[in-house]
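**Student:** Here you go, one structure.
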Amino acid sequence: MDIQLLKTFRVVARLGNITQAAELLNFTQPAVSAQIRTLEEHFGVPLFERIGKKLYITEAGSYLVEPAEKMLALYSETFHHLGSIAAGAPIRIALSTNYINHILSPALLKLQAAKAAGTVRVEICANSKAVLQGLKSNQYDIGLVHDYIVEKNLDTVTLRSDELVWCGHKSILPQGERSKLTEYPIINFRPGCTFRKLCDGLLQKHGLTYAFEYSDFDAVTSAMAEGLGIALLPRVIIKNEREIVVLKQAAEVQITLWAITRQDKRLSSSVTSLLQLLQEP
C-alpha cells in the first residue's frame with residue numbers, strides 16, 4: 001500500500017473536507033478523492049460518506065484514524081533511521097597503487113570540508129585485477145586503477161593522465177638534468193604492475209637492465225630519494241621535491257588513471273560527490 005494514501009486519509013479525516021485537504025496537500029480535488037477510493041477498495045469498507053454537502057467519517061474511518069497515525073509515525077521513524085545509516089555508511093575505496101593517493105587525498109579533503117561523507121576506508125590492493133575482484137564481491141564501492149579495464153557491468157571514468165619521467169636524487173646526478181640514463185643504476189618495480197611494463201619497455205628500447213627491484217611503489221620512490229639510483233615516476237609526485245632531479249632524456253610515456261564502479265549498484269551521494277571531485281582538474 002502506498003504510504004501517501006494514509007497521509008491523505010489523515011488530512012481528510014482531520015479537516016472533513018476534500019477541497020481543503022487538496023489545497024493543503026497540493027493535490028487536485030479529483031486526485032484526493034481517487035486516493036480515498038483506492039484506500040476504501042484496499043480495506044473493503046467505506047471510510048467517508050457524503051450527506052448533502054457535508055462529508056462525514058464512517059465508523060470504519062474513525063477506527064482507522066489511530067492505526068493510521070501509528071503507521072505513519074513508524075514509517076517516518078524508519079525512514080529517518082535508514083537515512084542516517086546511509087549517511088553514515090563508510091565509503092570503501094580500493095587503489096591499485098599507492099601513487100593514486102596523490103589525487104585521492106585532495107578530493108577527500110574537499111569531501112570532508114563539505115561534510116559530504118562519514119568514514120572513509122582506503123585499501124591498497126596488489127594490482128588492478130584485485131581491485132576488480134573486490135568490486136565484484138561488493139568489498140568496495142569504487143576502485144581507482146592505473147590499468148584500463150573493459151568489463152561487462154562496469155562504468156569506467158578517465159580521471160587524468162600523468163607524464164612519467166626519469167628522476168633521481170641530486171647527490172648521484174652531478175650533471176643534473178643533463179645526466180644520461182645509461183650512467184646510473186635503475187630501480188624497477190615488481191613484475192606484473194603497469195609501471196614495471198612501461199619501465200621494461202624503455203629499458204629494452206635502450207638496451208639497458210635494472211639494478212634493483214622493489215615490490216612497492218613507495219619503496220621505489222624512497223630508494224630513489226635516498227640516492228640508490230634513478231627511477232621512472234610520475235612527474236606530478238616529484239615536481240615540488242627540491243632534492244630530486246628530472247633527467248632531460250624524456251621517457252615519452254604517460255600513465256592514465258581510471259575510476260571504476262559497478263553499473264548494477266546504486267551509488268551513495270557521498271560516492272557520487274567523490275567521483276565528481278576526482279574529475280576536477
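The values are calculated or read from the model by the stated rules, or taken from the named source; none is laboratory data. Everything numeric in this text was worked out from a predicted model, so none of it was measured. Virtual Cβ from ideal backbone geometry, glycine too; neighbours counted across all protein chains shown.
**Student:** Scan segment 107-129 for residues that are small (Gly, Ala, Ser) and surrounded by fewer than 16 Cβ atoms within 10 Å (Cβ to Cβ) and jot them down. Steps first, please.
**Tutor:** From segment 107-129, those small (Gly, Ala, Ser) are 107, 113-114, 116-118, 126, 128; that's our starting set.
Residues satisfying the conditions are 113, 114, 118, 126.
**Student:** When residue 203 is evaluated against the numbered criteria (1) in contact with a Ser or Thr (Cβ under 9 Å, 6 or more places away or on another chain); (2) closer than 27 Å to residue 93 by Cα; (3) of a type in the set (A, V, I, L, M); (4) outside the structural domain of residue 119 (by TED's automatic domain parsing), which criterion, by number, is the only one it fails?
**Tutor:** (2)
**Student:** While we're here: Testing residue 199 on (1) surrounded by 16 or more Cβ atoms within 10 Å (Cβ to Cβ); (2) part of a strand (DSSP E or B), one condition comes back false. Which one is that?
**Tutor:** The one condition residue 199 does not meet is (2).
**Student:** If residue 241 satisfies every condition in (1) more than 30 Å from residue 264 (Cα to Cα); (2) part of a helix (DSSP H, G or I) but one, which is the exception?
**Tutor:** Here residue 241 meets the rest and fails (2).
**Student:** Here's a follow-up. Can you tell which of 143, 134 is in contact with a helix residue (DSSP H, G or I) (Cβ under 7 Å, 6 or more places away or on another chain) and of a type in the set (Gly, Ala, Ser)?
**Tutor:** On the way: 134 fails: in contact with a helix residue (DSSP H, G or I) (Cβ under 7 Å, 6 or more places away or on another chain).
Answer to the selection: 143.
**Student:** Also, I was wondering about something else. Please tell me if residue 221 is at pLDDT below 95, outside any loop (DSSP other than H, G, I, E, B) and within 36 Å of the chain's Cα centre (by Cα). Working first, answer last.
**Tutor:** Working: at pLDDT below 95: yes; outside any loop (DSSP other than H, G, I, E, B): yes; within 36 Å of the chain's Cα centre (by Cα): yes.
So residue 221 fits the description; yes.
**Student:** Starting from residues that are buried (at least 16 other Cβ atoms within 10 Å of the Cβ), part of a loop (DSSP other than H, G, I, E, B) and not acidic (Asp, Glu), keep the ones in segment 140-178 and report whichever is farthest from the chain's Cα centre (by Cα).
**Tutor:** Among those residues, the one meeting the criterion is 173.
**Student:** Restrict the check to segment 224-242 and report whether at least one residue is of a type in the set (Gly, Ala, Ser), more than 19 Å from residue 163 (Cβ to Cβ) and in contact with a helix residue (DSSP H, G or I) (Cβ under 6 Å, 6 or more places away or on another chain).
**Tutor:** yes
**Student:** Please identify the pairs in which a residue from segment 171-192 that is at positive phi and at pLDDT below 85 has its Cβ atom under 8 Å from the Cβ atom of a residue that is polar (S, T, N, Q) and surrounded by 11 or more Cβ atoms within 10 Å (Cβ to Cβ), counting only partners at least 6 apart or on another chain.
**Tutor:** 192/127
**Student:** Among (1) in contact with a Gly (Cβ under 7 Å, 6 or more places away or on another chain); (2) closer than 22 Å to residue 100 by Cα, which single condition is residue 272 missing?
**Tutor:** So the condition that residue 272 fails would be (1).
**Student:** Pick out the one residue from 182, 272, 261 that is assigned to a helix (DSSP H, G or I) and assigned by TED's automatic domain parsing to the domain that holds residue 99. Explain how you work it out, then say what you get.
**Tutor:** Values: 182 fails: assigned by TED's automatic domain parsing to the domain that holds residue 99; 261 fails: assigned to a helix (DSSP H, G or I).
From the options 182, 272, 261, the qualifying one is 272.
**Student:** Right, another one. Only one of (1) without any contact (Cβ under 8 Å) to a residue 40 or more places away in the chain; (2) of a type outside the set (A, V, I, L, M, F, W, C); (3) in contact with a Cys (Cβ under 7 Å, 6 or more places away or on another chain) fails for residue 96. Which number is that?
**Tutor:** Result: residue 96 fails condition (1) only.
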